[in-house]
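Rule-based calculations on the coordinates, nothing more; no lab input. Note that the structure is a prediction, hence the values are computed from the model and not measured. When we count neighbours, we look across all protein chains shown, and the Cβ atoms used for this are built from the backbone with ideal geometry, even at glycine.
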Amino acid sequence: MHYDEIKSRLNRVFCTVFKDDTILISEETTAKDIEKWDSLTHLILISATETEFAIKFKLKELIAMKNVGDFMKSIETKLAV
Amino acid sequence: MASISEFLNALCYNPKAPLVFTSVLFVALFSILYVGYIFVYSNIKKRNLLLLVFSLFFYYKISGFYVLLLVAMATSDYFIGKQMFRVSTQQKKKWLLLLSIFINVGALILFKYTNFLLNTFFGIATGEPSPVLLNLIMPIGISFYVFKTLSYIFDIYRETIDEPETNYINYVLYVSFFPNILAGPIAKARDLLPQFAAKLNFNRELIGKAFVLILIGAFKKVFIADFLGANLVDRVFDSPEFFTGWEGLMAIYGYAMQIYFDFSGYTDIVIGIAMLLGFNVMANFNKPFMADNVADFWRRWHISLSTWFNEYVFYPLAYTFRKFKQGGVILAVLITFFISGFWHGPAWTYILWGTSHGLAIAFTFATANLRSKIAKKNTFGIYRFLSIFITFHFLAFSMVLFRAESLQAAQKIYTLVFTHFDISVAGQWAKLYATPLAVLIVAYLLHYSPLKWNEFFTRQFIRLHWTVKVLIIVVGILFIFQGFSSDTQPFIYLEF
């Protein structure tokens, strides 16, 4: 899957989970940039992303992610396998 | 000669005379340490050795030979941590993680929870208390240093620490570091350990800030927390049958401020002492009663504990339950806060307190979208004001469980407020309790005052000429020691 398509589909996941159609993610986006993204909603986002791309994240992979860019790279790597 | 022997006796472990930060003995010993520290602080090895010796002595003075348990636990995790980097398979790493959890949590359960668990087990089985109880005194601070050392092992397992600590002195110093060993803030290994390997960066601003923090912390403790405790809160909580619902309500409002000023005052002193030594310990409070929901409160109250639970308990649980979506998150929240309540103490009051906070956060989470819609429609800040008001009352009323010695005692306070409430006594009460009321109002004003004010006064203090600073510090210390009385109480969080 192309990187831009991953970004577009991931953006839709963000909009659905945080119920906000105006969200526009970038590689630098972090939880600080999205009002409803906190420790409680984080795992809902992870679960929705796993369903969207039919992949599974390991706990260690999630801990290592610092921003949406890391998130997308991890999705890309998993889809390439 | 007699005075020398008295001084040497004062250095020995005495459970009736603990070495608290606000004691004359601590001030004297810390001053001696500091003089020596000035000579060695630029040499990392000598500096750390001096700090370790003082830290172990400090813990010995408070907990006697439990200092050996502290060293043994730090030593075991030092070697487990090193071994975790050496083993070749993930499975072996997991066994080492489980070994560390077994040792640390095992020690915590043994010293803190055995009698509670025995009584609960026998109570369920026979309806009677346990016929056998262990005669163990809990090592002070064990709940805190166990969390510190576990953070090191967890971070190695999660690969957020890149290499093991190879300096034994530095690791034992990290676990036993005297400023934060008794009641936090719970500094994580990845934050504090690297500081022990680095050169210190002292400057005029940091030293000035440290003195301001220590003086403010002591002021909070002596003039607000202890005063409210002795003159308002304890009276009602100890004998609720003599008071009306109005006085019960004022005691609840008073306790919210007492525990906040006690614990945040303690933390200010800890951060200040660490800063004087050149180390940075994380802040633990950020205007907690400004929170507009209970989840927000836990981002502002005892931050080092809540981030610890968030990283090492809630997150792995929520990850495990993530396929249940909202239900999974709620389940993880409830389990985390049940454990958090139990961590505070082996009593049903703490368990109920923790669970009530878990339920409140689950409510916050489940209603987030609805509340967000309401908040957007509200343009005058009324919604936010009401949110803070309701959250504060939930917190203050739940803290009754924290203060009461049993569920029955807590129930008496709740009954008092909800069934014997008579506002007509308010005027007479205000006359009788004019000073505690004034202190209570000052406490609330200080808590709700903008953070910028604190920063402004600190900046002004730093700018003063050193002679004026010394004068203010000396007058401040004398003023604070004048405030000491027989009512001076130990810091509340030392119980945990």
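Here the calculated FRET efficiency for B:Leu69 and B:Glu6, from their Cβ-Cβ distance with R0 = 35 Å, stands at 0.75, rounded to the nearest 0.05.
Roughly how large, in nm² to one decimal, is the mean projection of the convex hull of the alpha-carbon atoms in the protein assembly as shown? Kindly include the intermediate steps, with their values, before the conclusion.
Values: hull surface 127.8 nm².
Convex hull of Cα atoms, orientation-averaged projection: 31.9 nm².
With charges only on Cβ, +1 for K and R and -1 for D and E, what is the dipole size of the range B:10-200 about its Cα centre, in debye, rounded to 20? Don't skip to the answer; put the middle values down first.
Values: 16 positive and 8 negative charges, 73 e Å.
For this selection, approximately 340 debye.
Over chain A, DSSP H runs of length four or greater, each weighted -39,500 (n - 2.57), average out per residue to a 222 nm ellipticity of -19000 deg cm²/dmol.
Dimensions of the range B:10-200 along the principal axes, based on C-alpha atoms and rounded to the nearest Å, stand at 63, 51, 22, largest first.
Just how far, in whole angstrom, is the range B:376-395 from the range B:69-131 if you go by their alpha carbon centroids? With the range B:69-131 and the range B:376-395 each reduced to a Cα centre, they are spaced 43 Å.
Quick one: compute the contact order of the range B:205-495, relative version, from alpha carbon pairs under 8 angstrom and 6+ residues apart, as a percent. Walk me through the numbers on the way to the answer.
Numbers: 317 pairs, mean separation 84.4, N = 291.
For the range B:205-495, the relative contact order is 29 percent.
For the protein assembly as shown, a crude dipole built from +1 on the beta carbon of Lys and Arg and -1 on the beta carbon of Asp and Glu, taken about the Cα centre, is about 1000 debye to the nearest 20.
Listing A:Lys56, B:Lys209, B:Lys148 from the residue with the fewest other Cβ atoms within 10 Å to the one with the most, what is the order?
On the way: A:Lys56 9, B:Lys209 20, B:Lys148 28.
With the fewest neighbours first, A:Lys56, B:Lys209, B:Lys148 line up as A:Lys56, B:Lys209, B:Lys148.
Dipole of the protein assembly as shown computed with +1 at Lys/Arg Cβ and -1 at Asp/Glu Cβ about the Cα centre; of A:Phe18, B:Val87, B:Pro450, farthest Cα towards the positive end is B:Val87. Between B:Leu98 and B:Ile124, the simple label model (points 7 Å from Cα in the Cβ direction) yields a spacing of 2.4 nm. The mean sequence distance of close C-alpha pairs (under 8 Å, at least 6 residues apart), as a share of the length of the range B:1-135, puts its relative contact order at 16 percent.
Convex hull volume of the Cα atoms of chain B, normalised per residue: 197 Å³.
How much length, in nm to one decimal, is gained on full extension between B:Ser88 and B:Phe324, taken as 0.36 nm per residue of separation minus their Cα-Cα distance?
Working: separation 236, 0.36 × 236 = 84.96 nm, distance 3.42 nm.
Extra length available between B:Ser88 and B:Phe324 comes to 81.5 nm.
Once the convex hull of the C-alpha atoms of the range B:203-287 is built, how many Å³ does it hold per residue, rounded to a whole number? The partial results should precede the final answer.
Numbers: hull volume 6.8 nm³, N = 85.
That works out to 81 Å³ per residue.
With the charge dipole of the range B:205-495 set up from +1 on Lys and Arg Cβ and -1 on Asp and Glu Cβ about the Cα centre, the Cα lying farthest toward the positive end among the listed residues B:His302, B:Pro240, B:Gly254 is that of B:His302.
Using only DSSP helix segments of four residues or longer, with each worth -39500 (n - 2.57), what per-residue ellipticity at 222 nm results for chain B after dividing by its residue count and rounding to 500? Numbers along the way, then the final one.
Numbers: 24 runs with 338 residues, N = 496.
Helices in chain B give a 222 nm mean residue ellipticity of -22000 deg cm²/dmol.
With +1 on each Lys and Arg Cβ and -1 on each Asp and Glu Cβ, and nothing else charged, work out how big the dipole of the range A:3-80 is about its Cα centre, in Debye to the nearest 20.
For this selection, approximately 300 debye.
One decimal place: the segment B:Ala438-B:Ile137 gains 104.4 nm when fully extended, by the rule 0.36 nm per residue minus the C-alpha distance.
Test of understanding: express the Cα radius of gyration of the range B:205-495 as a ratio to 2.2 N^0.38 Å, with N the residue count. Let's see the in-between values first.
On the way: Rg = 20.6 Å, N = 291, 2.2 N^0.38 = 19.0 Å.
Ratio of Cα Rg to 2.2 N^0.38 Å: 1.08.
The simple spin-label model puts a point 7 Å past each Cα toward its Cβ; for B:Asn378 and B:Lys46 those points are separated by 6.1 nm. Overall dimensions of the range A:3-80, expressed as equivalent-ellipsoid semi-axes from the Cα gyration tensor (√(5λ), whole Å, largest first), are 17, 14, 12.
Here is what passes the span test in chain B: the DSSP H helices with alpha carbon length of 30 Å or more along the helix axis and a Kyte-Doolittle mean of -1.0 or above are B:66-86, B:245-276, B:382-403.
When the protein assembly as shown is described by a simple charge dipole with +1 on each Lys and Arg Cβ and -1 on each Asp and Glu Cβ, the residue from B:Leu370, B:Pro131, B:Ile156 located farthest towards its positive end is B:Ile156.
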